[in-house]
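Please read the structure below before turning to the comments.
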Amino acid sequence: MKRCKLVYGLVMSAMMCALILSAVSVSAADPVKISFMLWDEVQRPVFDEIIAKFVEANPDIEVEIQLTPWSQYWTKLDAAAGAGEAPDVFWMNTFMSKYVDAGVLEPLDSYIDAAGLDRAAWLGTTMNAYADEGVQYAMPKGMDTVVVAFNKKIFDKYEVAYPADGWTWDEFIAKGAELRDAIKTAGGDEYALVMEIDSAQPSYIQLLAQDGLAIFDESEKGTDLDSPDAVAAFADIVALIDEGILPDFKVLSDTKATDLFLSEKGAMVYVGSWKSSVLDEASFAGDIGMVKMPIRKVDICAIGGLGYSMSAFSKHKDAAWKLVEFLSGPESNRIQAEARIEIPAYLAEQEAYLPAFKTIDGSVFIDQGVLSVRFPSHRPLATTISIMSDYAGQIFSKELTPEEGVAAMAEAIIEAVAEYRADM
Amino acid sequence: MNFWKKRSEMKQKEILTGYLMIGPLLIGLGVFYVYSFFINIFYSMTNKKTFGAIKFVGLRNFEKLFASEKFWTALGNTFKYVVICVPLVIVISLLLAILLNRNVSGTGIYRTLIFLPAVTMPAAIGLIWKWIFNYEFGVINAAVSAFGGERIAWLSDKSVVLLAVATVLIWADVSLRMIVFLAGLQGIPNALYEAAEIDGASETTKLFRITLPMLSPTIFFAALMEMIGVFQIFDFIYLMISANSAGLPAARSLVSYFYDEAFVRGNHGFGSAITVVLFAIILIMTALQLYFQKKWVYQEG
Amino acid sequence: MGKMNRTKYKRGHIFTHAVLILAVLISVVPFIWMILTAFKNYEESIRIPMTIFPARWNFDNFQVILSKFPFGRFYINTFTVMIFVILGELLISSMAAYAFARLDFPLKNGIFIFCLSLMMVPSQIFIIPQYDLMVKLKLTNTLVALILPRLFSVFSTFLLRQFFLTLPRDLDDAAKIDGCGFFGIYFRILLPLIRPALISVAILSGLTIWKDLLWPLIVNSSMERYTLSAGLALLIGEHTTNFPQVMAGSLMAVTPMIVAFFFLQKQFVEGIANTGIKG
């Protein structure tokens, strides 16, 4: 108790000192100051480490990390871009085209060539994902896959056999039903399955991709969600809710599915590799099993992944490029792999990923990515994906049937695509 | 010029000083409010985005707005907040003010503690209640379970989320209004009550014949302010209900809708149109309320 | 007093106490729950059945929050903005209020009524244009952006005008005879006399800044320029919602104003009471 107070006091006074120092200090050498924005608080400490390494190698550059949570990240980037003063370097995802069109992103090809980098050193899918019409606008950070994690303790408690790789969607439903019945009979309060159906990537996007849909594309309509195949994925999730395998949408939107799993309330969870470190550090990590997603029509995973972009408004482009180069380079990839926060896009460092896990078996994250497609994307994605989650929400809360919801969703997306093109 | 010369030097000085002294306020109001107001009306007729060129689109934003189901739901929700919150805030705060005005022992402590929400930022209030209302681990559902009830998804069940948000709003606003009423009550001359006591009036009679009529201007003004405030509800919804929550459609207010469109989706033009509609509604409601005030409120003298 | 009367009187008191105690509980319990949660660890907070008190009072959550977010900055930013807005607003509003209350000039009433009409306009209508102005002035992501539009308050002007009107005219006349100019009358004679009103206005405008969320959230994108209110919005993370940490952050954010309130209760109450004044 006393010690804690002391530590707290020390932290407070150290902060105060730092603040006063930063306010007064007019350093002699005046290093170049650049900013770097990211959204993931889980990865922040790892990036503190990487930036420290970077500054050590480049003492003339000072880097300010700006953490802006996902819920505000794009709002902030939009605003910053509108004001013509984005952070010098920032995380980018598949929303990239929108920022290319807005002239926010600095083309990187000349820098890549000047630095003599070999593009083949990075995973092709991820490198290509950040090229827009042949121009590179971001350097890949890593790749992310989605797998199913399960809590062995809950399976053991209700005497249900663990799932195994290569299972089909029907087997998955059967497993869920078996768990549900066993839990019900024993009077337990766990959920057989939890899934973040309030966000697209770790849920319905995967189902749709496995059903062979392109979802978002650069065709004239911009989507194939208006085909009858698109309904099945949503109908299947609604069926899981109806059958009591998956809790109601209202439960899943109140507490994140991963949080339910981490508090041992869920037996199985669809989970992204970006959460692997959280899983590995759970108090019951030793009892977490991992399998690939159940296979629907095609055994495939829509992989996302991030990139590092550089602001076209940056006043210190050389310094900013140095940071981008370092962040996407081998050392940074290794540090991230060792911290289990990212499957490296830099191929030579992928081997550092697996041994990093303390308890859980991370190999599934890599296996799941073997057969993969790039995360569905088209230019107006930032708008269309929010339209998609709007209607998905209405389907999951049963305001619309899957048929009605998907039809309305497709119509709204097609309209948004047309509007985006008209505005350009 | 003649007009100016006719005045004494003193008078000229007074006029000059007057304009100089209201100058800073007028310039500031002019730039940040009057100019902004008209520019906003112009924006509402454009396709303005966070970045990119601006194109005039006439009334298309309003057409889209009135055709949007989201808008009507948000408008309906906002009216529900007003109808639920305004009367309850006024009645509860009035009751508490009357009780505090009795000056029983400990009044000072009661007043201080009831006042706490008024000095707390809505952002923190939202977070605290988000935790209290949590479905799995919230203290309210723990109590519900302990008594054998079925847990309720306060913030994501469409049928209760609006009531949950309204509860928080009432909790946060009662203390402010209570203080206003308390000051109003203390301003009522004691002689009125003394005279009534001589006539043998009961407590109830005194309340309805003296207290409420005397306080009616304050009550009406407070109700007006509260109504305008509730029409702009945003903070609690923003902090308690996440963007893709099942509860959001049933809780979304006009200002939440505005924030979402203008600053999350970056549609400034469409967002401006929403605020113009909000302005029109508040204007009408205020006019109605002032009209009724003329009819009902006790006028001194 | 008869015996009957006294029991009736007492019964009334019991009712009063009961209702007031209930109101106090409802007001205070959420704060207590915030404090208790802030000292629990994550596992404790999601334990079922729930425990009321933390097993061990630890400051870990505070340390985590302080390491993740520049809370020190949030405090400094909030207080800086509050101080500048309060001082600026007091000066600008009181000058205008004096002119409206004491001086005579053409169009005075028209201008005043026009200003009052701005009070009826919902603030959201100004936000996008104000934001654009800040962009044009290259002020986004600065504290100036938080201060500038808040300096001009119709309500404060209105309030101060009401107070100026209560002061006797003889004061002005006497000062004029002594050779005091209009500005001198305002600054040296009248302003000191309405000190309580100035304090009310200071508290009200301070509270407004303290509570404001939408504007700081929109106009500043760097965390280093956030106020406490906007900073709190950052606490709801994407990945895990660790409520003990969120409550620790909230506790840190609400404390300064609650402490200030305990010390300046009378001024706070008078300040708020003045918002009930109508013209």
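Please treat every number below as a calculation from the coordinates, not as lab data. Keep in mind that what you see is a predicted model, and the values were worked out from it rather than measured. Every residue, glycine as well, gets a Cβ built from its backbone with ideal geometry; the counts of neighbours run over all protein chains shown.
Side notes on the structure shown:
- Our compactness index for the range A:120-160, the C-alpha radius of gyration over the empirical 2.2 N^0.38 Å, is 2.11.
- Cut-off under 5 Å, modelled amide H: who pairs with A:Thr145 long-range: A:Ser273, A:Trp274
- Applying the criteria of a DSSP loop state and at most 13 other Cβ atoms within 10 Å to the chymotrypsin sites (Phe, Trp or Tyr not before Pro) of the range B:209-301 yields B:Tyr298.
- Chain C - percent relative contact order, Cα under 8 Å, separation 6 or more: 30 percent
- Semi-axis lengths, largest first, of the ellipsoid equivalent to chain C are 42, 31, 16 Å, with √(5λ) applied to each eigenvalue of the Cα gyration tensor.
- Only alpha carbons enter this Debye calculation for the range A:246-401, each as an equal point scatterer, and the log10 of I(q)/I(0) it gives at q = 0.17, 0.20 Å⁻¹ is -1.23, -1.36.
- Chain A - Debye-derived log10 I(q)/I(0), Cα point model, q = 0.07, 0.12, 0.13 Å⁻¹: -0.37, -1.06, -1.20
- For the protein assembly as shown, the Cα gyration tensor yields ellipsoid semi-axes of 52, 35, 28 Å (square root of five times each eigenvalue, largest first, whole Å).
- DSSP-assigned coil residues among GluC sites (Glu not before Pro) in the range B:50-158, each with at most 12 further Cβ atoms within 10 Å: B:Glu150
- Put in line by how crowded their Cβ is, counting other Cβ atoms within 10 Å and starting with the fewest, A:His378, C:His17 read C:His17, A:His378.
- Amide H within-cut-off set for A:Ser377, under 5 Å, with H built and near neighbours excluded: A:Phe216
- Lys/Arg +1, Asp/Glu -1 at C-beta; the range A:342-424 dipole; positive extreme among A:Pro355, A:Gly405, A:Ala418: A:Pro355
- In plain terms, the bigger the Kirkwood radius, the slower the diffusion; for the range C:3-60, with that radius from Cα pairs, at 25 °C and 0.890 mPa s, Stokes-Einstein puts D at 172 µm²/s.
- Longest site-free stretch - chain A; sites: trypsin sites (Lys or Arg not before Pro), DSSP loop, at most 12 other Cβ within 10 Å: A:1-314
- Over 19 Å between alpha carbons, listed pairs A:Lys98/A:Lys256; A:Lys398/B:Lys70; B:Lys48/C:Lys136: A:Lys98/A:Lys256
- Kirkwood Rh (inverse of mean 1/r, distinct Cα pairs), the range C:69-234, angstrom: 17.5 Å
- Sequence of A:Glu403, A:Glu133 once ranked by neighbouring C-beta atoms within 10 Å, starting from the fewest: A:Glu133, A:Glu403
- Under conditions of 4 °C and 1.567 mPa s, the range B:64-296 yields 65 µm² s⁻¹ as its translational diffusion coefficient, taking Rh as the Kirkwood radius over Cα pairs in the Stokes-Einstein equation.
- About the Cα centre, charge dipole magnitude for the range C:69-234 (Lys/Arg +1, Asp/Glu -1 at Cβ), debye: 200 debye
- A P(r) calculated from all alpha carbon pairs of the range B:223-292, with 5 Å bins opening at zero, reads 3, 16, 23, 21, 18, 11, 5, 2, 0 percent.
- For the range C:160-173, putting each phi into the Karplus relation 6.51 cos²θ - 1.76 cosθ + 1.60 with θ = phi - 60° gives couplings of 5, 4, 4, 6, 4, 5, 6, 7, x, 5, 3, 4, 4, 4 Hz, in residue order, rounded to whole numbers and with x for Gly and Pro.
- Taken over the range C:140-279, the percentage of Cα pairs per 5 Å bin, counting from 0 up to the bin with the maximum distance, is 2, 8, 14, 14, 14, 14, 11, 8, 5, 4, 2, 1, 1, 0, 0.
- Relative contact order of chain B: 29 percent, from C-alpha pairs under 8 Å at least 6 residues apart in sequence.
- Relative intensity, log₁₀ I(q)/I(0), of the range C:204-267 from a Debye sum that treats every alpha carbon as a point, q = 0.19, 0.27 Å⁻¹: -0.82, -1.19
- Taking the inverse of the mean 1/r over every pair of distinct Cα atoms in the range B:1-151 gives a Kirkwood hydrodynamic radius of 23.0 Å.
- Ordering A:Trp122, C:Trp33 by the number of other Cβ atoms within 10 Å of each residue's own Cβ, fewest first, gives C:Trp33, A:Trp122.
- Over all pairs of different C-alpha atoms in the range A:139-179, the reciprocal of the mean inverse distance, the Kirkwood hydrodynamic radius, equals 12.2 Å.
- Stokes-Einstein translational diffusion, the range B:85-151 - Kirkwood Rh over all Cα pairs, 0.890 mPa s, 25 °C, in µm²/s: 168 µm²/s
- Long pairs among A:Lys33/B:Lys49; A:Lys221/B:Lys80; A:Lys275/C:Lys211; A:Lys265/B:Lys158, criterion Cα-Cα beyond 32 Å: A:Lys221/B:Lys80; A:Lys275/C:Lys211
- For the range A:324-362 and the range B:68-84, distance of Cα centres in Å: 49 Å
- Local electrostatic count at A:Val251 - Lys and Arg +1, Asp and Glu -1, tallied over other residues with Cβ under 10 Å: -1
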